[in-house]
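Undergrad: Shown below is the structure under consideration.
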Amino acid sequence: MQAMNLPSVDEANLAGGRIQRSSSLVEDVYEAVFAQLMSLKIAPGSRITVDSLVKEFNVSHTPIREALGRLEGEGLVLKTHLIGYRAAPQITKRRFDELYELRLLLEPHGAAKAAVLMDEAKLAQLQKSAGVMARREGKDERLRYSNFARQDAIFHDKVMEFANNELVRETLAHQHTHFHIFRLMFHSRVTEEALDEHEAILAAFAAADPAAAEQAMRRHIEHSRDRLLLAFD
Ligand SMILES: [Zn+2]
């Protein structure tokens, strides 16, 4: 991995491109590496050496290892005994197709159920997590992209939480779908169009309309699939 040009994690925590020591050091390192993985600055399959991150972020080995351990738990980083860490390879086309089939089987139905059970408090949580309000925030394109990947994961997980089937929710969460699909390409179109679709889903929830929620969720997932399918050309 090339050194430097760390994407700004949290402008307040950075000075001269380096992460300053703080109580949330692991969190900062984690976010910085996460942003590099999401925006493909760290290429899928490439080696990640602890020493190079130590130099890049000017921190000790411990927070780097902790951050990499967390990314390993999310399936974004692989650790091989005696060899070390590397970025997880890109998902295959077959796995991509399988993930979208799974999502289309579960999420539109989940959205319909969530719409039936919707109330003001749940709607407020969904509006907050849909990423729509943060639309224009921040200038760093890589950071915006990785933030959206995370927001998208939270939003879809919330919908499944409100659909009230923990097994289905766990099954989807276990795939870390959003992190893998956003890593297929780094393009602002992916986020801009998805935000419009999230607004359509929110409108259906606001109307507590299960049929509209099911349809809006289905459309969103199908469009997401079509946008990212280009990565396999
Ligand atoms: Zn989404």
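Undergrad: Evaluate the charge dipole of the chain about its Cα centre and quote only its size in Debye, nearest 20, assuming +1 on the Cβ of each Lys and Arg and -1 on the Cβ of each Asp and Glu.
TA: Here the size comes out at about 760 debye.
Undergrad: I've got another one for you. Modelling each spin label as a point 7 Å along the Cα-to-Cβ direction, I'd like the His187/Phe232 distance in nm, to one decimal.
TA: In this crude label model, His187 to Phe232 measures out at 1.5 nm.
Undergrad: Related question: Multiply the residue gap between Ser24 and Lys55 by 0.36 nm, knock off their C-alpha separation, and tell me the result in nm, one decimal place.
TA: Computed gain between Ser24 and Lys55 is 9.3 nm.
Undergrad: Once each part is reduced to its C-alpha centroid, what is the distance from the stretch 82-107 to the stretch 184-233 in angstrom?
TA: Answer, in whole Å: 19.
Undergrad: For Glu66 and Glu101, calculate 0.36 nm times their separation in residues minus their Cα-Cα distance, and state this gained length in nm to one decimal. Walk me through the numbers on the way to the answer.
TA: Values: separation 35, 0.36 × 35 = 12.60 nm, distance 3.38 nm.
Additional length available on full extension: 9.2 nm.
Undergrad: For an R0 of 35 angstrom, estimate the FRET efficiency from the Cβ-Cβ distance between Lys79 and Lys122 and round to the nearest 0.05. Mind showing how you got there, number by number?
TA: Details: r = 38 Å, r/R0 = 1.08.
So the FRET efficiency works out to roughly 0.40.
Undergrad: Can I ask one more? Please arrange Asp196, Asp233, Asp28, Asp140 by how many other C-beta atoms lie within 10 Å of their C-beta, fewest to most.
TA: Details: Asp196 12, Asp233 4, Asp28 22, Asp140 15.
Arranged by neighbour count, lowest to highest, Asp196, Asp233, Asp28, Asp140 become Asp233, Asp196, Asp140, Asp28.
Undergrad: Using only Cα atoms, tell me the angle between helix 93-116 and the longest principal axis of the chain; keep it within 0 to 90° and round to the nearest 10.
TA: Taking the Cα atoms of the chain, the angle to 93-116 is about 50 degrees.
Undergrad: A further question on this structure: Can you find, among Leu102, His176, Pro89, the residue farthest towards the positive end of the dipole of the stretch 85-233? Put +1 on the C-beta of Lys and Arg, -1 on that of Asp and Glu.
TA: Pro89
Undergrad: With axes computed from alpha carbons, what is the tilt in degrees of helix 61-73 against the longest principal axis of the chain, rounded to the nearest 10 within 0 to 90?
TA: The angle comes out near 30 degrees.
Undergrad: Rg over Rh of the stretch 49-187, using C-alpha atoms and the Kirkwood radius, what does it come to?
TA: Rg/Rh for the stretch 49-187 comes to 1.02.
Undergrad: How high is the relative contact order of the chain, given as a whole-number percent (alpha carbon pairs under 8 Å, six or more residues apart)? The partial results should precede the final answer.
TA: On the way: 300 pairs, mean separation 54.6, N = 233.
With pairs under 8 Å counted, the relative contact order is 23 percent.
Undergrad: For the chain, take the longest principal axis of its alpha carbons; what is the angle in degrees between that and the long axis of helix 188-206, to the nearest 10 within 0 to 90?
TA: 40
Undergrad: Report the gain in length on full extension from Ala173 to Ala208: 0.36 nm times residue separation, minus Cα-Cα distance, nm rounded to one decimal.
TA: 10.1 nm
A short reminder: the numbers here are calculations on the coordinates, not readings from a lab. What you see is a predicted model; the values in this text were computed from it and never measured. As a convention, Cβ positions derive from the backbone with ideal geometry for all residues, glycine included, and neighbour counts pool all protein chains shown.
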